[in-house]
Amino acid sequence: MTTVASAEPRAGGPDERAGAQERARGVRFVPGQPDMWVFVLFEALVFTSYFTVYVIRRTQSPDLFLQSQAHLDLRVGVFNTLVLLVSSWAVARCVQAAREGSFSAALNNAYLTMLFGFVFLVSKVLEWATEIEQGFGFTTDEFFSFYYFLTAIHFLHLLIGFVVLGVAVYEIRSPARRSQELVETCATYWHTIDFFWVLIFALLYVMR
Amino acid sequence: MNRRFEKRLSFVWLALSAITLAQLALASLGEQDALTPNAAVTSSAIVIALIKVRVVIREFMEVRYAPVLLCRLTDLWMALTGVSLLGSYFVGMALSTG
Amino acid sequence: MSAATVRAVPEMPSGSLIRKIAWHWRHDDKRELWIGWWTLVIFYNLYGLLFFLIARTQPPPPPSLAPSEIVQWFDDRHYGLLYGYAFVSIVGGATAIMNATLAYTMRRMSVSRAFAYSYLVIYALATLPGMLIMGVACTVGAMRPDRDPELMSWLYDFAFLSFEGTMGVFLIGSLVWMVAVLLDENRVFPKWFGYLNLCNALTEVVVAPAWIFKRGVFAWDGAIAWWINMAVFVTYTTVFLTLLRKMIVREDFGSGPLPELESDHALEPAGALGAAR
């Protein structure tokens with residue numbers, strides 16, 4: 001089973017380059033702990049069920065949802081999406097760098113990921129503040145209930161993402177500790193937050 | 001860093017960002033119809049989102065290089081999500097306006 | 001601490017279930033753990049039976065009922081509530097055994113004993129909102145059906161808000177277990193179970209809007225606050241009962257990593273989990 005063979009602990013050094021070569025030769029490996037993938041798939045199912053409930057409720061009061069949706073700023077949604085995409089790019093580069101032994105590059109990319117994550121957080125809080133100031137709160141109407149619910153649960157996942165990135169940084173910083181598998185695991189979690197947002201963006205800001 | 005992979009990642013990121021900006025441009029064009037339900041806009045929004053998600057999963061999350069089981073499971077979830085969202089939308093709209 | 005000393009144990013008899021159970025009672029080192037496990041299984045099934053089929057307080061009724069409808073609700077369930085919760089009050093003490101068994105898994109881990117103890121305290125407290133308050137409120141309501149409808153409404157809200165809305169305890173409990181599993185080097189549970197605890201904890205957060213909404217998907221009977229939450233909780237419970245059983249089979253009463261089952265060697269990724277660190 002190739003999975004078993006390639007899931008050896010891959011600390012920095014010659015093993016890293018071997019890992020990159022393995023991939024070049026077409027040996028398949030699970031990125032990070034398979035355990036994190038169990039979480040990703042399960043949580044993805046839960047989010048799909050939340051999204052489905054949202055769409056169903058939306059079709060039952062299309063006009064209400066459309067009118068309320070008009071109070072959201074699509075440009076902010078786009079900005080949020082771009083920011084998270086960049087953060088995903090940064091953490092993917094972090095994984096690559098760590099895999100090839102360039103640990104200071106990996107560390108920089110990890111910090112960059114955190115920075116972009118933080119930009120998203122600030123942007124989201126400002127957006128909420130603006131909406132509330134305009135009089136659109138959690139209980140204003142059903143659309144806004146879903147808006148705050150979906151963005152808030154995503155926000156919570158993002159906060160956890162900072163803890164996860166912290167673990168990755170901690171791993172990368174010490175030569176004694178480095179575990180490629182753990183860094184990849186953390187990246188997997190972060191990407192998940194990104195692709196959840198891609199769907200939330202489409203459902204809250206774009207769909208009609 | 002391995003140049004090929006670095007370039008691939010950058011390309012993927014640019015493509016995803018471009019699609020996102022395109023969505024903004026398209027939406028700005030249809031401003032006047034913002035208050036009518038539009039099945040075409042909705043379906044394309046969901047489909048485009050799923051395409052972006054698939055790219056993130058396969059490229060950023062490296063599922064391209066993962067064992068076939070993981071590829072299948074992630075594809076299965078994406079298909080399920082697509083069917084669930086599009087299905088709910090079309091059935092729901094038909095029921096509420098019919 | 002080394003593994004338990006071997007002593008001469010007679011062969012397990014083949015034949016009737018009674019004889020096998022008797023053998024386990026007398027000779028099995030793990031009988032207390034198995035008693036704990038069976039208590040969990042039986043109790044959860046009883047709980048489901050009592051809440052869903054006898055008292056019929058689950059799935060929950062809507063928060064938006066008028067006082068007269070609430071009186072009707074109590075009336076429809078008069079005997080179910082009284083007898084159902086009488087039974088709950090008898091078996092309720094089993095939660096002590098259940099929580100002890102789960103705390104044991106944390107004692108077996110390489111992490112601080114504080115995890116096991118905090119889990120015990122949290123879940124001991126959790127029996128209040130998770131079972132007893134609803135039982136008391138509902139039986140108080142059922143006991144005197146001619147009470148003022150406004151008072152019945154009060155009891156109804158008190159019962160369901162305590163039961164559905166107080167997820168904070170379970171949230172923290174899940175997080176304690178999650179951190180314990182993720183830090184553990186004895187491989188008592190797979191790491192994915194640690195992450196599943198996070199999923200469970202997050203769905204508890206999702207119930208919080210039930211305090212605000214009386215209608216819709218975020219009300220205490222809503223699609224999101226109850227149905228999806230319950231689906232996650234049932235999955236989570238089934239999973240941990242299965243993993244717990246496996247853990248008991250693997251248990252060697254040592255203090256180092258728990259041995260894997262032979263059938264799992266083919267599936268276990270080499271050097272994964274704790275060893276990678």
Taking residue B:87, is it surrounded by fewer than 20 Cβ atoms within 10 Å (Cβ to Cβ), touching a residue at least 24 places away in the same chain (Cβ under 8 Å) and more than 7 Å from every other protein chain (Cβ to nearest Cβ)?
no
Can residue C:151 be described as in contact with a helix residue (DSSP H, G or I) (Cβ under 9 Å, 6 or more places away or on another chain), farther than 30 Å from residue C:257 by Cα and either of a type outside the set (Phe, Trp, Tyr) or touching a residue at least 24 places away in the same chain (Cβ under 8 Å) (or both)?
yes
Exclusive hit being surrounded by 13 or more Cβ atoms within 10 Å (Cβ to Cβ), among the aliphatic types (A, V, I, L, M) and more than 8 Å from chain A (Cβ to nearest Cβ), set B:19, B:46, B:57:
B:19
Exactly one of C:236, C:195 is under 19 Å from residue C:103 (Cα atoms), in contact with a helix residue (DSSP H, G or I) (Cβ under 6 Å, 6 or more places away or on another chain) and either in a loop (DSSP other than H, G, I, E, B) or touching a residue at least 40 places away in the same chain (Cβ under 8 Å) (or both), and that one is C:236
Filtering helices (runs of 4 or more DSSP H) wholly in region C:10-100 for at least 1 residues that are buried (at least 17 other Cβ atoms within 10 Å of the Cβ) and of a type in the set (A, V, I, L, M) gives C:31-48, C:67-76, C:78-91
Let me spell it out: the conditions are (1) farther than 22 Å from residue A:145 by Cβ; (2) more than 8 Å from every other protein chain (Cβ to nearest Cβ); (3) in a helix (DSSP H, G or I), and residue A:76 meets all of them except one. Which number is the exception?
(1)
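Inspect region C:168-183 for any residue being in contact (Cβ under 8 Å) with a residue 60 or more places away in the chain, of a type outside the set (Val, Ile, Thr), surrounded by fewer than 18 Cβ atoms within 10 Å (Cβ to Cβ) and out of contact with any His (no Cβ under 9 Å at 6 or more places or on another chain) and give the result as yes or no.
Taking region C:168-183 first, the residues in contact (Cβ under 8 Å) with a residue 60 or more places away in the chain are C:176-177, C:179-181, C:183.
If we keep only those that are of a type outside the set (Val, Ile, Thr) too, we end up with C:177, C:180, C:183.
Checking the rest, the ones that are also surrounded by fewer than 18 Cβ atoms within 10 Å (Cβ to Cβ) come to C:183.
Retained after the next criterion (residues that are out of contact with any His (no Cβ under 9 Å at 6 or more places or on another chain)): C:183.
Yes - at least one qualifying residue is present in region C:168-183.
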In region A:131-159, what count of residues is obtained for those that are over 24 Å from the mean Cα position of the chain (by Cα), over 25 Å from residue A:60 (Cβ atoms) and either facing another protein chain (nearest Cβ under 9 Å) or β-branched (Val, Ile, Thr) (or both)?
1
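No lab work stands behind these numbers, since they all come straight from the coordinates. Quick caveat, the model's predicted, so the values are computed rather than measured. Methodologically, a virtual Cβ is constructed for each residue, glycine included, from the backbone with ideal geometry; neighbour enumeration extends over all protein chains shown.
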